[in-house]
Amino acid sequence: MLNDREVLSTLSMIKNENLDVRTVTLGISLLDCASHDLPRFTDTIYKRITTLARDLVTVCDEVGDRYGIPVVNKRISVSPIAVAAAPFDSRGMVEVAKTLDQAAKDVNVDFIGGFGALVEKGMAKGDLALIDAIPEALDVTHRMCSSINVATTRAGINMDAVALMGRTIKAAAARTADRDGLGCAKLVVFANIPEDVPFMAGAYLGIGEASSVINVGVSGPGVVKKAIDRALQDNPGAHLGELADVIKRTAYKVTRVGEIIGREVARILAVEFGIVDLSLAPTPNVGDSVGEIFQSLGLGAIGVPGSTAALAMLNDAVKKGGAFASSRVGGLSGAFIPVSEDLNIAAAASAGHLCLEKLEAMTAVCSVGLDMVALPGDTTAETLSAIIADEMAIGMINKKTTACRLIPVPGKKAGDRVHFGGLLGEAEIMPVRSNGVSAGFINRGGGIPAPLQALIN
């Protein structure tokens, strides 16, 4: 085991390799703010959020400066709004969304998550009202994110919810057409969503969580790539098992760094420390790419034959290293492959190495799913729902978290480029084969029953 001093000494060697604490996310429960009176509810949740998160940004900056580790994003997650605001209709839900957004702005955090619902087994009144409000809510807010869980291994897939989310994504894209459908970049559909995700757009505070908690998301794809490069420089003939061990050891160190930061922030804010989510989450910056790791392993590009095997090895090694480093590893903890947010992955898609079908296959062995995928604007709602259903099935059967963040860009076709800006990056729009031929299946509705793996009691 490395002690804290050894971990910190490691930072001096990797400070130029894009190691950072990607996010410190403060989870805040809003369940005891419930009220049938909308002004009272919005006033109460605003006060709750701004009181508990008042010093979050300042404390994160101070702790980051003290340890020499940048905390890139400071975020908030809240209880599922479909539960906390269950009495309200869609218009009321939009007002709640505005309140969340204003609270996030006033405490100067990057994003606030939790405008979501858990509908894997059915949709209650509050769930339907929230989903109906999503397109407008994402249009009129800037820092708010939304997530909907439509499937679990224990409950199966709620195909009525899947169909509804396809229509909702289309509506959100239309509402934000002047921004290339940007609203959809803040909306994610999940299977088996964890209760403690610190990364957006999926972050929310689960029903079983404490009233306030700090969850940390650490990222280091650049660190992992450099570690592999150094190992190959020392031993050009290193086999994949040896490289997996290099990744595991690197993940261990990175996880320890995240826990140090998270525990210190939690101590100062006098809230509980939750988990460290070690996810190789790329950014559009050079040297901070998951795709480049594939090239260091010997593949020409992500998406070529061998990519799924390489991703399985990478994801497994990251999880093993993280689990050895801390007993509080949670969230997603693995490798992300968001197309527009990773320069290398976006380039592989543009070059034809990575298609939607190969991307879906790779999601069977990584941490999330079809993430930040720009699609043609004429992709039908039923086709979007069918893509979501396929991804949910992967998660349900394999007892893992999967998700879709799909962006049908209004007025654009396959091959066009779309620019979302900031951490959301840019990408070429990927073609969708057989668009519009899945409607009969999707419109049957109902649910896909839980698999045999659900019978574990």
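From the convex hull of the Cα coordinates of the chain, what is the mean projected area in square nanometres?
20.3 nm²
Once label points are set 7 Å from the Cα along Cα→Cβ at both K399 and Y46, what is their separation, rounded to one decimal in nm?
About 4.6 nm, to one decimal.
Rounded, prolate or oblate: which fits region 367-431, taking a ≥ b ≥ c as square roots of the Cα gyration tensor eigenvalues, rounded meaning a/c under 1.5, else prolate when a/b beats b/c?
oblate
In whole Å, how far is the Cα centre of region 39-59 from that of region 193-251?
What the calculation gives is 31 Å, centre to centre.
What's the Kirkwood radius of region 61-114 in Å, using all Cα pairs?
Radius from the Kirkwood sum: 12.8 Å.
How much of the DSSP bridge set in region 218-437 is antiparallel, in percent, rounded to the nearest 5?
Bridges in region 218-437 that DSSP calls antiparallel: roughly 25 percent.
Quick check on the chain: of the DSSP beta bridges with both residues there, what percent are antiparallel, nearest 5%?
The antiparallel fraction comes to roughly 35 percent.
In whole Å, what three semi-axes, largest first, describe the equivalent ellipsoid of region 191-232 built from its Cα gyration tensor (square root of 5 times each eigenvalue)?
The three semi-axes for region 191-232 are 32, 11, 8 Å.
Could you tell me how far the Cα centroid of region 320-335 sits from the Cα centroid of region 384-457, in Å?
First find each Cα centre; the distance between them is then 26 Å.
State, to one decimal in nm, how far the label point of K121 lies from the label point of R167, with both points 7 Å from Cα in the Cβ direction.
Here the modelled spin labels are 2.5 nm apart.
Mean Kyte-Doolittle of at least 0.5 plus a Cα span of 15 Å or more along the axis: flag which DSSP H helices in the chain meet both, please.
Helices meeting the span and hydropathy rule in the chain are 125-140, 159-175, 307-325, 381-398.
Take the Cα coordinates of region 208-367, assign each an equal point scatterer, and use the Debye formula without solvent to give log10 I(q)/I(0) at q = 0.16 Å⁻¹.
-0.86
With point charges of +1 on the Cβ of Lys and Arg and -1 on the Cβ of Asp and Glu, referenced to the Cα centre of the chain, which listed residue (T99, G425, F190) lies farthest in the positive direction of the dipole?
The one lying farthest along the dipole's positive direction is F190.
If the convex hull of the alpha-carbon atoms of region 25-191 is projected onto planes in all directions, what is the mean projected area in square nanometres?
10.3 nm²
Each value in this text was obtained by applying a stated rule to the coordinates, not by laboratory testing. Just so you know, these numbers come straight off a predicted model, no measurement behind them. When we count neighbours, we look across all protein chains shown, and the Cβ atoms used for this are built from the backbone with ideal geometry, even at glycine.
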